[in-house]
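Here's the structure we're looking at; comments come further down.
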Amino acid sequence: KVQINEGDKAISSTAISVFSTPAPKGPTNKLGILLHRFIAGRGDITLDGSVLLFGNNNLNEINSNEDAGKITNGGENMAFVNKSNGSPQALSIESRKPITEKDTIPIQLWRIVNNENYSLKLLPKQFNANGKFSFVKDKFLNKETFIRNDLDTIAIAFTTLSSDSASFFTRFSIISKLPFPILQKNESVLLAGALNGNTVNLKWEAKNNSDHLLYDIEKSTNGIEYNFLARTYANGSSSYHFTDSAASAGNNYYRIKTYNQAAGFWNSNIVTLEKDNLVDFISIYPNPVSGNSVTLRLNTLLPGNYLVNIVDQNGRLHFSSNLVHSAQSLTAPLNFNRVLANGIYHLQLMHTELKKKYSAKMVVANK
């Protein structure tokens, strides 16, 4: 007989409501794990479960206000193991600080039935690996399963041998790895792209990709500073696609950052796509240009200081100047310091504070 009184409620504990819909003040970064077994005639049955809660104010040491010890049931059992007090203690609920690459969190299984079909069901709920990559490590099969935080459920199927405790008792653990750059040249990912209006269609081929984890699409407007655009997880395919529907005026630079199973990463080739302004923010007259001057009209541009560059098709700079734009529309002469060689150029404006860029094609045709 078990009697629970009103005074036994753990009202101040941070470990309450961890399996239910999160309360407004409840934990948000957590990883639940359920132990399942397939039973003929009954289907996939949940046998046990445990949960990890991560937070900056949590302790890695066992704390009665944060953690809940495991109560062994009559069937199969699972729990996390914490050794901070010297001896291993099984926990159903373990609160910890954000995960680090040095962390190893053992998962203990016991009272397992021989030669049955089991699975661990991972439930990442707003799971944040704190800039690391986290895996469930299977020591028995020497295998690691990446914990993706974009999935509601991740299943790891396994069978056991009750005569060999290594096949279940200390088989699984959670580990993390810190991403690191791979400096040697790697051409396993080849990126290509095409521009259609405001839309950029990217396609990359991934060969020798058995250890690829994911692909980060990165974008730059200056070819130097790249920003994260989107993430695609490897699915065994050799071909992937992504669409950027917000191409910037001027040059758009794209690359793929590939991560492998060891958490190493490298960058693909760079694709450069140029988008002319669909709205005539910049008008050049005359165009084609002859001589060393043009009339420049700025339409609906933000007031401010602008850097004016003229570059050729290879990106070489031929002229640079500063322009103060005090109204939304401006017409002003622009005098070059010399006569440019015949060819196609790009007149580029950049707002020096906002870094917003505009570009227009300019043809030089001196007689």
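Read-outs throughout are calculated quantities, based only on the coordinates presented, and are distinct from any laboratory measurement. These numbers were taken from a predicted model, which means no experiment stands behind them. So basically every Cβ, Gly included, is an ideal-geometry build from the backbone, and we count neighbours across all protein chains shown.
Some points to look at:
- Scan of segment 224-250 for residues that are more than 30 Å from PHE281 (Cα to Cα) and buried (at least 19 other Cβ atoms within 10 Å of the Cβ), ordered by number: ALA234, TYR240
- For the residues SER119, SER95, the requirement of being buried (at least 20 other Cβ atoms within 10 Å of the Cβ), closer than 21 Å to ILE175 by Cα, of a type in the set (Ser, Thr, Tyr) and touching a residue at least 40 places away in the same chain (Cβ under 8 Å) singles out SER95.
- Among the residues of segment 187-219, the ones that are surrounded by 16 or more Cβ atoms within 10 Å (Cβ to Cβ) and not in a strand (DSSP E or B) come to 1 in all.
- Answer from ALA341, ALA263 - the residue that is aliphatic (A, V, I, L, M) and on the phi > 0 side of the Ramachandran plot: ALA263
- When residues in segment 122-143 are screened for being within 20 Å of HIS212 (Cβ to Cβ), touching a residue at least 24 places away in the same chain (Cβ under 8 Å) and surrounded by fewer than 16 Cβ atoms within 10 Å (Cβ to Cβ), 1 of them pass.
- Members of segment 220-251 found to be aliphatic (A, V, I, L, M) and in a loop (DSSP other than H, G, I, E, B), listed by number: ILE224, ALA234, ALA246, ALA247, ALA249
- Wholly enclosed strands (runs of 3 or more DSSP E) of segment 252-367 bearing at least 3 residues without any contact (Cβ under 8 Å) to a residue 24 or more places away in the chain, hydroxyl-bearing (Ser, Thr, Tyr) and out of contact with any strand residue (DSSP E or B) (no Cβ under 9 Å at 6 or more places or on another chain): none
- ARG231 vs. criteria in contact with a Pro (Cβ under 9 Å, 6 or more places away or on another chain) and either on the phi > 0 side of the Ramachandran plot or among the charged types (D, E, K, R) (or both): no
- Restricting segment 145-183 to residues that are over 23 Å from the mean Cα position of the chain (by Cα) and in contact (Cβ under 8 Å) with a residue 60 or more places away in the chain, the residue that is surrounded by the fewest Cβ atoms within 10 Å (Cβ to Cβ) is PHE169.
Quick grid of which residues meet (1) under 30 Å from THR100 (Cα atoms); (2) loosely packed, with under 14 Cβ neighbours inside 10 Å; (3) among the β-branched types (Val, Ile, Thr):
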{"site": "ASN222", "(1), (2), (3)": "no, yes, no"}
{"site": "ASN252", "(1), (2), (3)": "no, no, no"}
{"site": "THR258", "(1), (2), (3)": "yes, no, yes"}
{"site": "LYS275", "(1), (2), (3)": "no, no, no"}
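- Qualifying residue in segment 170-186 (condition: within 21 Å of THR46 (Cα to Cα) and not in a strand (DSSP E or B)): yes
- One residue stands out in segment 88-139 among those that are in a strand (DSSP E or B) and of a type in the set (Val, Ile, Thr): the one that is nearest to GLU66 (Cα to Cα), namely ILE93.
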